[in-house]
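**Q** Can you read through this structure? Questions will come right after.
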Amino acid sequence: MIVIRDEQPDDGPGIRELALLAFDGPAEARIIDALREACPGLVSLVAVENGEIVGHILFSPVSINGSTITGMGLAPMAVLPERQRQGIGTELVRHGLSRLREERCPFVIVLGHPDYYPRFGFVPASMYGLSSQWEGVPDEAFMVIVFDERLMDSVHGVVRYRDEFDGAMK
C-alpha cells in the first residue's frame, strides 16, 4: 500500500536518489536540494511503499510580475522508473493540489506534458494572461489551475519561479 506524506528530515537522500534515477542528469536533484535549503513555504510530498520512497512531488512559491499574489509551481515530480504508469504520480498530484486548495493557494502553475496535466484541471496559462519567464516554452506546456477565480480575474503577466530553477532551464 502506498502512503502519501510530507517529506521528513531524513528523506533527503532518498528523494535525491529518486530524482537522479527518474531524470536525465542531476539538474532536478540540485533544484530540490537548493530549494529545501533556501525556500520557506515548500510543499514536499513523498509516496512511500514498504518504507521505500517511490515518488516525490514538490511545490514552491511563484510570483507574477507586477502583482503581490503568490501561487505555487509544481516541479519537479518524480516516480521510480520501474513504478511509473501505476498511478503514483497521479496520487501525488491529486494529494498536493487538494492540500493547496485547502490552504487557499490562489493558483498552481506547471511546465509539463500537455497530455498529462489537464486531467487534474490544468489549462494553458495563456487563458489567464499568464506567460512563462523562459523563452521558447510552448503555450500548451505552460499550464495553470486556478483555485480563486475572483482573485486571479485581474492578474496577468509573467510567472516567475524561484531563482533555483534558472540553471536547469538554460
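**Q** Which of the following residues is in a helix (DSSP H, G or I), closer than 28 Å to Gly157 by Cβ, free of Cβ contacts under 8 Å to residues at least 12 places away in the same chain and polar (S, T, N, Q): Ser126, Ser98? Don't jump to the end; show me each part of the working.
**A** Numbers: Ser126 fails: free of Cβ contacts under 8 Å to residues at least 12 places away in the same chain.
Exactly one of Ser126, Ser98 is in a helix (DSSP H, G or I), closer than 28 Å to Gly157 by Cβ, free of Cβ contacts under 8 Å to residues at least 12 places away in the same chain and polar (S, T, N, Q), namely Ser98.
**Q** Look at segment 61-93 and say how many of its residues are outside any loop (DSSP other than H, G, I, E, B), under 30 Å from Gly157 (Cβ atoms) and not aliphatic (A, V, I, L, M).
**A** 7
**Q** Still on this structure, please answer the following. Within segment 34-43, track down each residue that is over 13 Å from Phe59 (Cα atoms) and either under 12 Å from the mean Cα position of the chain (by Cα) or surrounded by 15 or more Cβ atoms within 10 Å (Cβ to Cβ) (or both). Break it down into steps so the answer makes sense when it comes.
**A** Quick first cut of segment 34-43, residues over 13 Å from Phe59 (Cα atoms) only: 34, 37-38.
Within segment 34-43, Ala34 is the sole residue that qualifies.
**Q** Is there a residue in segment 43-60 that is out of contact with any helix residue (DSSP H, G or I) (no Cβ under 8 Å at 6 or more places or on another chain) and closer than 20 Å to Leu111 by Cα?
**A** The answer is no, given that none of the residues of segment 43-60 is out of contact with any helix residue (DSSP H, G or I) (no Cβ under 8 Å at 6 or more places or on another chain) and closer than 20 Å to Leu111 by Cα.
**Q** Tell me whether segment 47-58 contains one or more residues that are assigned to a helix (DSSP H, G or I) and surrounded by fewer than 17 Cβ atoms within 10 Å (Cβ to Cβ).
**A** No: segment 47-58 contains no residue that is assigned to a helix (DSSP H, G or I) and surrounded by fewer than 17 Cβ atoms within 10 Å (Cβ to Cβ).
**Q** Report every pair of residues separated by at least 6 positions or lying on different chains whose Cβ atoms are under 7 Å apart, first residue within segment 8-21 and more than 14 Å from Glu82 (Cβ to Cβ) and without any contact (Cβ under 8 Å) to a residue 24 or more places away in the chain, second surrounded by 18 or more Cβ atoms within 10 Å (Cβ to Cβ) and small (Gly, Ala, Ser).
**A** That search, which allows pairs on different chains as well, returns Arg16/Ala29; Leu20/Ala29.
**Q** Every residue in segment 12-33 that is touching a strand residue (DSSP E or B) at 6+ places or on another chain (Cβ under 7 Å) and either buried (at least 19 other Cβ atoms within 10 Å of the Cβ) or at pLDDT below 95 (or both), please.
**A** Ile15, Leu18, Ala19, Ala22, Phe23, Glu28, Ile31, Ile32
**Q** So which of Asp115, Asp166 ends up being of a type in the set (Asp, Glu), in a loop (DSSP other than H, G, I, E, B) and over 27 Å from Arg5 (Cβ atoms)?
**A** Asp115
**Q** Ok, one more. Filter segment 129-170 down to residues that are within 17 Å of Phe59 (Cβ to Cβ) and free of Cβ contacts under 8 Å to residues at least 24 places away in the same chain, then give me how many there are.
**A** Residues meeting the conditions: 1.
**Q** What are the pairs, 6+ residues apart or on separate chains, where a residue within segment 75-91 that is exposed (fewer than 15 other Cβ atoms within 10 Å of the Cβ) has its Cβ under 7 Å from a residue that is assigned to a helix (DSSP H, G or I)?
**A** Partner pairs satisfying both residue conditions: Pro81/Leu21; Pro81/Ala22.
**Q** Here's a follow-up. Hey, can you tell me all the residues within segment 96-146 that are of a type in the set (Phe, Trp, Tyr) and either closer than 17 Å to Met77 by Cβ or out of contact with any helix residue (DSSP H, G or I) (no Cβ under 7 Å at 6 or more places or on another chain) (or both)?
**A** Tyr116, Tyr117, Phe120, Phe122, Phe142
The values are calculated or read from the model by the stated rules, or taken from the named source; none is laboratory data. In this text, all values refer to a predicted model and were calculated from it rather than measured experimentally. As a convention, Cβ positions derive from the backbone with ideal geometry for all residues, glycine included, and neighbour counts pool all protein chains shown.
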